[in-house]
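The values are calculated or read from the model by the stated rules, or taken from the named source; none is laboratory data. Everything numeric here is computed off the predicted structure, so don't read it as measured data. Ideal geometry is used to build each Cβ from the backbone, glycine not excepted, and the neighbour counts take in all protein chains shown. When the accessible area is computed, the model is the full protein with side chains, heavy atoms only, and any ligands, DNA or RNA have been set aside. Shrake-Rupley method; radii C 1.70, N 1.55, O 1.52, S 1.80 Å.
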Amino acid sequence: MIDLEALTKSFPGAPRPAVDRLTLTIPGGEVCVLIGPSGCGKTTTMRMINRMIEPDAGTISVEGRNVLHVDPVELRRSIGYVIQQVGLFPHWSIADNIATVPRLLGWEPTRTGARVDELLSLVGMEPGQYRQRFPRELSGGQKQRVGVARALAADPPVMLMDEPFGALDPITRARLQAEFLRILRGLCPPQHVRKLRLLLQETDVPDPYYGGPDGFEQVLDLIEEACERLLAELKTTTS
């Protein structure tokens with residue numbers, strides 16, 4: 001479970017707080033989406049969860065632990081994080097990029113290699129074909145898939161995704177969103193369904209919902225329906 005209570009963050013010179021007394025609970029197995037315009041505090045909230053930004057006030061608990069009392073390096077190694085621009089290391093192979101956190105955690109090379117191949121297969125990339133490639137040799141969609149694989153490498157209980165599809169063209173974005181649903185289905189042993197918490201943030205809203213008086217409510221209804229469908233499909237797969 002992720003618990004945010006009265007979370008607040010202000011930046012010098014800003015007329016108002018970036019995040020103002022946010023209280024939110026995300027139970028295990030839930031997909032939670034933060035949606036809103038640029039500058040409304042979505043990324044700031046996510047970065048406070050893994051302490052890339054320190055809050056001014058409030059508390060953040062993950063798995064019952066107050067993250068403000070946890071070593072930030074240890075915390076970040078236990079949370080998967082996918083960013084909009086992917087952030088792959090350009091001088092490392094795809095295998096080395098995915099293996100970043102397992103190696104930091106001291107995993108044995110054999111275990112790490114097996115996990116890399118497992119995740120490449122999960123995201124639809126043949127390990128023998130892509131393991132030794134470099135990021136410059138991949139398309140934008142393939143890089144994003146590798147970013148998801150890297151975030152999942154150490155089997156984190158929490159995954160943060162900061163506009164993971166925002167930098168892609170509409171066709172690639174639609175394909176990758178469908179691929180992401182397939183990846184979540186692949187994480188379908190009961191222990192994963194129970195414990196994985198996924199927090200996404202998105203700025204983009206489908207074009208038909210811009211401008212209308214009820215547009216925002218319609219978007220929220222669509223997101224709620226999509227999340228409910230996703231969890232229902234995951235639970236059905238495990239039964």
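Things to note:
- For region 1-145, the relative contact order is 19 percent, taking Cα pairs closer than 8 Å that sit 6 or more residues apart in sequence and dividing their mean separation by the residue count.
- About the Cα centre, charge dipole magnitude for region 1-98 (Lys/Arg +1, Asp/Glu -1 at Cβ), debye: 260 debye
- Taking the 1.4 Å solvent-accessible surface of region 51-135 as the whole, the part contributed by carbon and sulfur is 53%.
- Stretching Thr59 away from His91 to a fully extended chain increases their span by 7.7 nm, per 0.36 nm per residue minus the current alpha-carbon distance.
- Against the criterion of solvent-accessible heavy-atom surface with a 1.4 angstrom probe, Lys9, Lys143 sort, most first, into Lys143, Lys9.
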